[in-house]
1. For the range 2-138, what Kirkwood radius comes out of the mean inverse Cα-Cα distance, in Å?
2. Provide the gained length on full extension for the span HIS434 to SER42, in nm with one decimal, where the gain is 0.36 nm per separating residue minus the Cα-Cα distance.
3. Using the number of other C-beta atoms within 10 angstrom as an exposure proxy, rank PHE11, PHE44 with the fewest first.
4. Order by neighbour count: MET179, MET108, fewest other Cβ atoms within 10 Å first, most last.
5. Students often check this: by mean Cβ neighbours within 10 Å, which of 293-301, 268-276 ranks highest, and how do the rest follow?
6. For GLN90 and GLU25, compute 0.36 nm times the residue count separating them, minus their Cα-Cα distance, and round to one decimal in nm.
7. Got a sec to turn the phi values of the range 88-104 into Karplus ³J(HN,Hα) couplings, 6.51 cos²θ - 1.76 cosθ + 1.60 with θ = phi - 60°, whole Hz, x for Gly and Pro?
8. Take the Cα of LEU13, step 7 Å along the line toward its Cβ, and report every residue of the range 37-75 whose backbone nitrogen sits under 16 Å from that point.
Amino acid sequence: MAAAASDKARFYLEQSVPELQAFKEKGIFSASEITSIASKRSSFEHRINMPGASTPIDFARYASYELNLDTLRKKRCKRLGVKGTSFAGQKRVFSVLERGLRKFPGDMGLWMQYLEYCKDENANSKLAKGITKVLRLNPRRWELWVWAARYYFEVQGDMALARSYMQRGLRFCEREQEMWVQFLRLEMIYVAKVNARRKILKLDEEAEDVLDDEEPGFGDKDEISLPKITAGDMESDTAGQALAIDDATIRHLSKSPALSGAIPMAIVDAAAKAFKSNPTVLEDLFNCVAAFDDVPCTREILQQIIDLMPATSREPHAEFIRVACEGRLAMVGVNATSPLFIPAFQGLLGKFASIPMETPQTKVFTSTRMLITIIPYIDNKDALVEEVFALLDTIAHRNAEQMRLALGQVDSKANAKQVERLADRLIQQGIKKHTLRRYGLAQARDG
């Protein structure tokens, strides 16, 4: 067995000899460095080919080593002006990861490393095959369905395919609460991007022209057809770029479920049925939608979520969740510089004041909901007048302190988890770390 493993290792090592010789001839690596590379590869190859001795971590480390080596090689080639080379760095990384996956097809760490590398290297064919295979092996891993959907949405710009992955994933993971939240977030991002494009084109100012501009092929039967957008438009770090959707398509989206909020509302309805109107699930959906306060259909969707919340439930704080959401609804879409801000904020305080602070758990509940509402305003300090910032800052400090004191009165990991979830939710909304530290939330999240 040992001899067979050694022969197999030697086979793979011999394949790299021509490349190492090229490294030396072109002066990319010194003789001592090449010796070190050969020794390191030999160690990895003998380790992963030894029956019963290798682990997924060995393959992951080997792939990481080859990736770092190839990165160093590229930098030196650029510095030395070495051109016209065709080294096999990428091929070697793929080879190591694919060998690891054949040996450990159930290891999620290896799969994610492989998929991420495919994405980084724009290996679309390999990635498509990898996604198909890993989902066949692990159809109940909701994270994989979400990853695939986000890839096709953010990188490929194919919203139809992204939505298809989410829908298929829900057939296997219907009881996974976070998958419903991620599906809803995906649709809200799409609505937000299309709405932003409409603002750029000033189509809302030309509503009458849009209604009169009927073209063949866009009748009532076609209203649910959603257009595709290009990969560049879906990049999360290209907020300044416009969506690459032609003007005619954008005009017809004014009647489409993609812009009216019909699709997000359908997701909310389906989630409510799947979880029997569980208030905690509905609150998570509320939090997801509330982050998109500049989307016209947001208030309508939030009101739908509130209407689905039961008046009574066995869930903890069920009766208070609806009250808190009603208070927060008044703040959605209200700019801090608007004359409507103070009345809306007073309405929020009034709703929260109606929640009795009889137990530490209730105090934690109220404080976390207040913080998630006002911290986004504080994070955008430059948009606040001094008096408003001082007011919000005082209330935030008071609620953060109340939350810490209440947590100190109970020996419950569940309450501590609420604080972590609060910090995670704020981070997902783009809240800066220094703002979280101001109220002690970054420390709570970091443990």
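Any read-out appearing in this document is the output of simple, stated calculations on the displayed coordinates, not a laboratory observation. What you are looking at is a predicted structure, and each value in this text was computed from that prediction instead of being measured. So basically every Cβ, Gly included, is an ideal-geometry build from the backbone, and we count neighbours across all protein chains shown.
1. Values: mean 1/r = 0.0626 Å⁻¹.
The Cα-based Kirkwood calculation yields 16.0 Å.
2. On the way: separation 392, 0.36 × 392 = 141.12 nm, distance 4.64 nm.
Separation in residues times 0.36 nm, less the Cα-Cα distance, equals 136.5 nm.
3. On the way: PHE11 11, PHE44 22.
Ordered by Cβ neighbours within 10 Å, fewest first: PHE11, PHE44.
4. On the way: MET179 21, MET108 15.
Least crowded to most crowded, the residues run MET108, MET179.
5. Details: 293-301: 18.6, 268-276: 16.6.
Packing proxy ranking, top to bottom: 293-301, 268-276.
6. Numbers: separation 65, 0.36 × 65 = 23.40 nm, distance 2.08 nm.
Difference between extended and current length: 21.3 nm.
7. Once rounded to whole Hz, the list reads 9, x, 4, 4, 5, 4, 4, 4, 5, 5, 5, 5, x, 5, 5, 7, 10.
8. 37-51
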